[in-house]
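> Can you read through this structure? Questions will come right after.
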Amino acid sequence: MLATLGFLVNFWAWALISPLGAAYRERLDLTGFEQAVLVAVPVVVGSLGRIPVGALTDRVGARVMFPAVSILTVLPVLFVGLVAESFAAMLVGGFFLGLGGTAFAIGVPLVNAWYPPARRGTALGIFGLGMGGTAISAFTTVRLTNAVGPEAPFLIVAGVLTVYAVVSGLLVRDAPGRVVPQGSFLARTWATARLRATGQLSVLYAVGFGGFVAFSVYLPTYLINAFDLTQEDAALRTAGFVVLAVLMRPVGGALTDRYDATTVLVVCFVGAAVLAGVAALELPLIPVGTIAFLGLAALLGASSGATFGLVASLAPPEKVGAVTGLVGAAGGLGGFVPPLVMGAVFDVVGDYSLGLALLAVVCVLTALFTRGPVRRHARAQRAPA
């Protein structure tokens, strides 16, 4: 529960900029591409930051890392909300706000160590409910800004992070008998990167979770530009997308405890390809577009949970944090590229269909990759020596 809560509050902070993307575009006179960069910067930093944070968690434990990351994230939250007044300053603040996105790499090894293999898929899926921090941001940021003032959401999040840092420092405990890895950070990271499981799972998570992140940060902009929605309406619809994806993550994890994880993933990616193709047609938002995007939310969320059900099976226990860091980084980077592509495509042709069609193609290729090399590797790992 504490791990899930820590994931949630840090992701809430991590996602503060994206609901206000349209407002920043107007206030700072940004192009579509500059707006995409602004909302994507915390994503890429939070993604790459998972590599050292995951490795540090393996070394010093979540008991140290959760409060440390949470209290440090307070600083960029306050900077963005109270100080930044230019595009350059916002980029700096967004860069350091990415620290909140690294909390994922702290929670996975903590949860993994406390649960037996037969229950890890479900446990990690429940931990994944912390993705709901992005939904809280989508539901509340614009409303608080309009009702109370532009500083309100940032002050509230800073306060919540501070309280969590204190509580986690007092109550979080690492599992007894936790294996502490030896050797330097660079040597351990390189050894982890060379694992076949790391590369394969990184591809799956880059598409599944990366797709979720891309939509959660760019969907408000897409809905405003493509369907002329108001900022508040777009934020609320995005929150619905995020909530459904979050709720489906533990479902995906639980399914891997009962069924072959690669089969679950193939179904998710094939379904996502079909729905992305439908969305690319840019049919009326109600009902076709809404059904397509909610279906994408469900399948991308389930695939994220299923991927980490597979991580729990394939990663060596002493390297779960390091593997999580690298795989999590791939997932976040998977969410960094699409907003830039979508923004650039819209600036050139004034339409998003090409970007959504590319997502459909990527999902098809990922399903084939899962059914082939990933499934063979997973079966080889389960085979008796």
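The values are calculated or read from the model by the stated rules, or taken from the named source; none is laboratory data. Please read all numbers here as calculations on a predicted model, not as lab measurements. With ideal geometry, Cβ positions are generated from the backbone for all residues, glycine too; neighbour counts draw on all protein chains shown. SASA here: full protein model, heavy atoms, side chains in, ligands and nucleic acids out. Shrake-Rupley method; radii C 1.70, N 1.55, O 1.52, S 1.80 Å.
> Given 4 °C and 1.567 mPa s, compute D for the chain with the Stokes-Einstein relation, Rh being the Kirkwood radius over Cα pairs; round to the nearest whole µm²/s.
63 µm²/s
> Then there's this: Per residue, how much accessible area does the chain have with a 1.4 Å probe, in Å²?
Solvent-accessible surface per residue comes out at 39 Å².
> With a 1.4 Å probe and every protein chain left in place, tell me how much accessible area R173 has, in Å² to the nearest 10.
The accessible area of R173 comes to roughly 110 Å².
> Sticking with this one: Let me check I've understood the local charge: for G328, count other residues with C-beta under 15 angstrom from its C-beta, Lys and Arg +1, Asp and Glu -1. What total comes out?
Surrounding charge for G328 is +2.
> Continuing with this model, one more query. Provide the net charge surrounding G309, with neighbours chosen by a C-beta distance below 11 Å and charges set as Lys +1, Arg +1, Asp -1, Glu -1.
Once all neighbours under 11 Å are counted, the net charge is +2.
> With every protein chain kept in the model, how would you rank S313, S353 by accessible area, 1.4 Å probe, largest at the top?
From most accessible down to least: S313, S353.
> Mean-square fluctuation check for the chain, GNM, Cα pairs under 10 Å: which of V327, V163, V37 is largest?
Fluctuation is largest for V163.
> Here's a follow-up. Could you work out, for region 118-246, what percent of all Cα-Cα pairs fall into each 5 Å distance bin, beginning at 0 Å and stopping at the bin that holds the largest distance?
All Cα pairs, binned at 5 Å, distribute as 2, 8, 11, 14, 16, 15, 14, 9, 6, 3, 1, 0 percent.
> Hey, another quick one. Considering only I17, I71, I106, give the residue with the highest GNM mean-square fluctuation for the chain, with springs between Cα atoms whenever their separation is below 10 Å.
Looking only at I17, I71, I106, the biggest GNM fluctuation is shown by I71.
> Also, I was wondering about something else. Report the label-to-label distance for A187 and R143 in nanometres (one decimal), using points 7 Å from each Cα along the Cα→Cβ vector.
Going by the 7 Å Cα→Cβ label model, 5.3 nm.
> Calculate, for T263 and I286, the FRET efficiency according to 1/(1 + (r/R0)^6) with r their C-beta to C-beta distance and R0 30 Å; round to the nearest 0.05.
On the way: r = 33 Å, r/R0 = 1.11.
The computed FRET efficiency comes out at 0.35.
> What are the ³J(HN,Hα) couplings of region 220-227, residue after residue, when phi is run through the Karplus curve with 6.51, -1.76, 1.60 and θ = phi - 60°? Round to Hz, x for glycine and proline.
These are the phi-based 3J(HN,Hα) values: x, 4, 4, 5, 5, 6, 8, 10 Hz.
> So, taking all protein chains as they sit and a 1.4 Å probe, how much accessible area belongs to V207, in Å² rounded to tens?
The accessible area of V207 comes to roughly 20 Å².
> At a 1.4 Å probe radius, carbon and sulfur cover how many percent of the accessible area of region 130-219?
Reported share for carbon and sulfur atoms: 70 percent.
> While we're here: Given the C-alpha centroids of region 208-247 and region 260-332, what is the distance between them in whole angstrom?
Cα centres, region 208-247 to region 260-332: 16 Å.
> Give a residue-ordered list of calculated ³J(HN,Hα) values for region 130-145 (Karplus: 6.51 cos²θ - 1.76 cosθ + 1.60, θ = phi - 60°; whole Hz; x for Gly, Pro).
Those phi angles translate into x, 4, x, x, 5, 5, 4, 4, 5, 6, 9, 4, 5, 4, 5, 4 Hz.
> Do the sum for the chain: with -39,500 (n - 2.57) for every DSSP H run of n ≥ 4, divided by all residues, what is the mean residue ellipticity at 222 nm, to the nearest 500 deg cm²/dmol?
The helix contribution divided over the chain gives -27000 deg cm²/dmol.
> What's the local net charge at T230, with K and R +1, D and E -1, over the other residues with C-beta under 15 Å away?
Value of the local net charge: -1.
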